1. At residue 148 and residue 28, where each label point lies 7 Å from the Cα along Cα→Cβ, what is the point-to-point distance in nanometres?
2. In nanometres, what is the gap between the two model label sites at residue 198 and residue 74, each 7 Å from Cα along Cα-to-Cβ?
3. Debye sum, Cα scatterers, the chain, no solvent: what log₁₀ I/I(0) at q = 0.06, 0.12 1/Å?
4. Give me the net charge for the shell around residue 508: Cβ to Cβ below 13 angstrom, other residues only, Lys and Arg +1, Asp and Glu -1.
5. Could you work out how much longer the chain between residue 215 and residue 90 gets when fully extended? Use 0.36 nm per residue separation minus the Cα distance between them, nm to one decimal.
6. Would you mind putting 425-437, 575-587 in packing order, based on average other-beta-carbon counts within 10 Å, highest first?
7. Would you work out which of 350, 19, 56 lies farthest towards the positive end of the dipole of the chain? Charges go on Cβ: Lys and Arg +1, Asp and Glu -1.
8. Can you give the charge dipole size of segment 404-641 about its Cα centre, rounded to the nearest 20 debye, using +1 on the beta carbon of Lys and Arg and -1 on the beta carbon of Asp and Glu?
Amino acid sequence: MTDSAQAPASRPPFRGRIAQTLTELGIAEALSDLVLPAAQALPVAPATDRVVWDGVDAVTRTALLDAATADLGAPWPTPLARDAARYHRDGNREEYEHAVFRRQERVSRAVVAAALTGSDAWLDEAADGLWLLCEQSTWCWPAHDDTRARHGAVLATVTDPFLDLGAGELVAQLAWADHVLGDALDERYPGLRARIRHEAQVRVFDPFLQRQDWHWIGLDRPPHNWNPWIHGNVLVAALRLLDDSAVRARVIELVVDGLDRYVTALPEDGAIDEGYAYWWNGALRALEALDVLEHATGGRAALPARIGALRETVAFPHRCHLGGEWYLNLADGQARPALDQPWHALHRAARTVGDRDAEAHAAAHRDPSAPAATEISGLGRLLRGITDPLWRVARSDGSPLPRDVFWPSTEVLLTRGVAGFAAGLTLAVKGGNNDENHNHDDIGEIIVACDGVPVLIDAGRPTYTAVTFSPQRYTLWPMQSGWHSVPVIDGHEQDHGPSFAAAAVAARIADDDSGMSLEIAGAYPAGTVSSWVRSAGLDRSSGTVSIVDRWTPGVTAVQHLLVAGTVRPAPGGVLITPIEGTAEVRVQWDGPAARLTVRTLDDPLLREVWGESVTRIEIPAGGGGESRITVELVRAEAEEVR
C-alpha cells in the first residue's frame, strides 16, 4: 500500500436503499467479512476450469478465435500524444478514444483466445496486450481528465491520475484477465501480475481513496450513469487485485456507499432520464455490480429483487421498445442504437428479479448463429456472456411491447394501439425539465412511430466533442428546442435549467384513448406566454394521433415537427414516407401551408440513424390561442381507393 493510500479522505456514510436492505438482511456490519477470497470472488470460471471453457458454444468460439487470429501480425493500436491533445485544440475526442478502444478490444480477444485454447501463443498475445495497457501513460480519456485545470497540461499528469470511465474500464479489464489467466501468467510471465497490481494501485485505488470530490459519486447533485459504471469496475478490480485485506475492505465499503447513492436516486418506476441508450451503461451497470457483490458474498448480499426501483428498471428497455431495432430515445440517446448490446446481462438481471417480459425481450436477441457476446462492451461482459449456460440456450418469441407505459418520475408516456404489436401508430409525449442528465430542451416533445419506425422524431445526439458538455452545449442544433417537435412561442425557443419545466402533467390511460396533457409555458423564458397547455393522444378506434395546443390568445407561435423520411405537401398538410418500408403518414392541420426546412446530416452518428437528412415542418399557428394537428396512417389499399 502506498503512503497516499494509508490516510484516505473520508466522507459521511450514506444510508439509502442498499444500506437499509443490508441491515434487513442482517449483514450491514459484516459485509467485508463475507467477501470471498480473490480466487473465488468473481463470477466467471478461470481458464483452468475446462468444463466451463470447453463448453463455450462452437459459434461463439469460432467467431472469437477468428477475430483474434486476424489481429496477429498487425501493429497494436497506439494512443498518440497528438490525438490526446486534439481534444484541447479542436475538440476532437474520437481519434484518441478509437485507438484506446481498439487496443482494449484486441486484448479482450487475446485473453479469451488464451482461455479457450490454453495455447502459449495466445497467452503471449494476451501478455503483450496486458503489458501495453500497463505501459500506457494514462487510462483516463482526455475528454474527462482535469489535468488542464489542475496542472495547465494538455496531456495526462501521471503523478495525478484522474479516475474516469476509461480508467475504470481498463482496471476492470486487467482484473478479469488476471482472474481468468492468473495461473498461466504466473508460469509463463512471472512478474506481470505484480505489475498489474502496482498500476491498479497507483492509477485507481489510490485516487479512489484519496479524493472524495469525484463528480460522479453524487455528493453535491443527483448521481448520473458514471456512478455505477465506475463503482462497478472498481469493485471488480478490488475483489481481484487488492491483497491488503484492510484496503480491500475499505474500497468495497466506499463502492457500496457510492452505489447506494445511485440506487437510492433511481426513481421507483425505474425510469432513466437519459433514456434507453444510457440504461445499458447506467442502471444495468448498477445491476451488474450488485450481481458481482452477491456472488462475492456467497449469495448473502442479494439486493436487486428486494429493491423496487431496481426491479422496475429491469423493465425499462422493453418498455421503451418501439419495434424492430427502434427505441424511444430521449436526451442524447439514439433511436436506433447499436444492436450489439450485452443482452445477456439484461437476461441475467431479468432472471434475478423474476421479470419474464424483460427476460423474453432479452432472449429475442439471442441468435444461435451469432456469438453469445462480443468484446465491444468490455472483457467482463464478454466473459459473463459466453460462459452463461442459460443465456446460451435462451429463446423467445419476441418483445412484449406493452400497450401503455407512463413513467411519473420523468413524465413520459408511451402508448400504442395493441399490446404486443408494433403495427399502427405509437405515440410518446415528454414532460420533465430542461436540466436532466444529457439534457435537451424538449419539454412537451412529441414522438410518433409508424409500424415501430419513428416518423416524428427526436434526432438524438451527434458525435461527442469538446463542445458537447461545455457551456456552449446548446449551440448544437440537436440540443435546441427548435429542432424538437415543440412550438416556438412569440419567437422564443425553450431555455435550459432546472426551473424550465413542465407543470400540471396528467396522463390518461384507457382502452379507447390514451394520452397526456401538460403545461409547458414554464419551459420558455419568463414573460413569453402565461399559459400553454399541450395535449396529445392516440385514439385506438381510428388509430389517429391528435396534438392539441391551447395558449394565451394574442401570442403568436409556430409549431415545429421534426421528421425522418420524405415529406411532400398534400391538401391540408403533408404526406411522409418513413425511412423504412412502412405505411405513409399524413399530418394535417387547419391554417396556412407549412414551410419545410431540410437539414443535411453531416455527423456520422446522426446519418447512421436517420440517413442523409431530416426535415422540420414549420406550421404557422397564429395568435388565436388554439392549434390542432392530426397524424394518421395511409395504408396502400386506402391510397388506391383515394
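1. Once both label points are built, they end up 4.4 nm from each other.
2. 3.1
3. Ignoring solvent entirely, the Cα scatterers give -0.35, -1.28.
4. With Lys, Arg at +1 and Asp, Glu at -1, the net is -4.
5. Computed gain between residue 215 and residue 90 is 42.5 nm.
6. Highest-to-lowest ranking by the protection proxy: 425-437, 575-587.
7. 19
8. Once rounded to the nearest 20, the dipole reads 260 debye.
Every read-out reported here was derived from the displayed coordinates using simple, explicitly stated rules and does not represent laboratory data. On a predicted model such as this, the values are computed, not experimentally measured, just so you know. Quick reminder, even Gly has a Cβ in these numbers, built from the backbone with ideal geometry, and neighbours come from all protein chains shown.
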